Amino acid sequence: MTVPKALRVGVAKIADQLFDMALVVIGITQERCEGDTIAEKLDESALLVLLDGPTECSGGAMIGPELVGAMIQQQTTGKVSKEPATERPLTSTDAALCAPLLDALFQRAHDMLETEKDRDMFPVFKFGARVENTRLFGLALEATEYQVFKLTIDVSGGAFQSSLTLLLPVIEKRADLMVPDRPDEAPAPVTLEKTVMSIQADLTAVLGRVKLPLSKLGQMSAGDVLTLRPDAFDAVEVITRQGRVVSRGSMGQVDGQRAVQLQSNPATPQNPKRRAADRDGLDLPEVAPVESSLSPRMSADPLNTIDMPTDMPTDLDAAGELPDLPDLPDLPDLDEAATLPDLPDLPELPDLPDLDNDGDLPPLDGLPDIKIA
């Protein structure tokens with residue numbers, strides 16, 4: 001028996017045996033959602049209850065106000081009115097009167113499950129405490145993932161309908177944390193590597209981005225077709241939940257399932273390639289070593305290349321003295337043709353004016369008298 005079927009059968013039997021009332025599950029949905037999106041599933045008008053279970057994370061239950069009113073009427077007056085109870089603030093007393101329904105439902109449904117996988121999905125939870133509002137309720141639900149079961153319940157043979165939503169944390173079983181079957185088998189130690197590698201990472205493959213005006217976007221409906229670029233399947237971007245691009249690749253299929261073939265990241269200043277095995281990816285020309293008797297600095301500069309005699313010794317002799325260098329050739333003599341040519345005469349300068357007999361300068365015009373104020 002699966003979990004939805006066990007819940008459907010369990011609600012009807014518990015309502016009949018414990019409360020002598022008719023409750024029938026006419027619809028049930030099951031979904032798995034992330035813990036940070038659980039706030040979108042909360043209903044402010046419902047009775048919010050925390051559930052205690054075998055795991056460290058708490059579960060939750062939301063009981064519709066109509067079902068709460070029917071439970072109160074049945075337990076206080078022995079019958080349920082054909083009309084739903086008037087809207088009123090729900091209290092801790094209402095939660096205490098609904099607690100037997102939750103405790104019995106978890107125990108009976110869990111016992112009817114056949115497979116180990118279903119029993120792990122739906123463990124036995126018990127009533128914990130009532131929560132006043134959805135903000136505190138969301139803060140108390142700390143698991144990374146939840147299984148959400150939403151039951152639509154018919155009350156008193158079609159008098160009215162209500163809902164019951166169960167939010168159960170998803171706890172993955174790990175082999176290194178399980179208790180061994182035999183006492184002499186010690187469990188494997190829990191290491192940081194195993195813990196990190198078991199963390200789930202959600203990635204999204206983006207085929208393309210389309211820009212649309214807001215007016216056209218508001219007119220779109222199911223079945224509308226968006227045109228992608230011709231190279232969309234060859235230019236897939238793999239992004240994180242925050243929108244950061246971590247890789248690129250090509251879309252295809254493997255064994256009938258869609259798959260993305262990732263491209264290798266090229267070498268960048270932040271990701272240099274230093275290993276010899278990465279040489280093929282560097283795309284560098286092959287350079288052959290050149291033997292030279294010159295210093296590395298002179299060999300690197302073509303302007304410093306000079307012709308050196310091949311028989312020039314490179315070591316000192318036994319006495320520690322420098323060897324004799326070859327004599328330089330004599331400089332050639334300058335012949336007569338190599339003498340400098342005659343320079344032309346300079347032009348004559350004009351005559352300067354003669355001074356007077358005394359050799360004094362000519363008189364100057366009179367200067368104006370300076371008046372002292």
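The values are calculated or read from the model by the stated rules, or taken from the named source; none is laboratory data. Predicted model, so just to flag it, every value in this text is computed and none were measured. Cβ coordinates were reconstructed from backbone atoms using ideal geometry, including for glycine residues, and neighbour counts include every protein chain displayed. The accessibility values were calculated without ligands, DNA or RNA, using every heavy atom of the protein model including side chains. Shrake-Rupley method; radii C 1.70, N 1.55, O 1.52, S 1.80 Å.
Details
- F125, F19, reordered so the largest accessible area comes first (probe 1.4 Å): F19, F125
- For the range 86-91, the Karplus equation 6.51 cos²θ - 1.76 cosθ + 1.60, evaluated at θ = phi - 60°, returns couplings of 5, 5, 8, x, 7, 10 Hz by residue, with Gly and Pro reported as x.
- Three-way shape label, the range 2-116, alpha-carbon gyration tensor, a/c 1.5: oblate
- Computed 3J(HN,Hα) for the range 3-12, one whole-Hz value per residue from the Karplus formula 6.51 cos²θ - 1.76 cosθ + 1.60 where θ = phi - 60°, is 5, x, 5, 5, 5, 4, 6, x, 4, 5, glycine and proline marked x.
- Taking the 1.4 Å solvent-accessible surface of the range 4-102 as the whole, the part contributed by carbon and sulfur is 51%.
- For a modelled paramagnetic label at D111, 7 Å from Cα along Cα-to-Cβ, the residues of the range 14-28 in reach, with backbone nitrogen under 17 Å, are 14-19.
- Electrostatic tally near L47: other residues with Cβ closer than 13 Å to its Cβ, Lys and Arg +1, Asp and Glu -1, net -4.
- Prolate/oblate/rounded label for the range 1-70 (Cα gyration tensor, a/c 1.5): prolate
- Rounded to whole Hz, the Karplus (6.51, -1.76, 1.60) HN-Hα couplings of the range 202-213, x for glycine and proline: 8, 10, 10, 9, 9, 7, x, 10, 10, 9, 10, x
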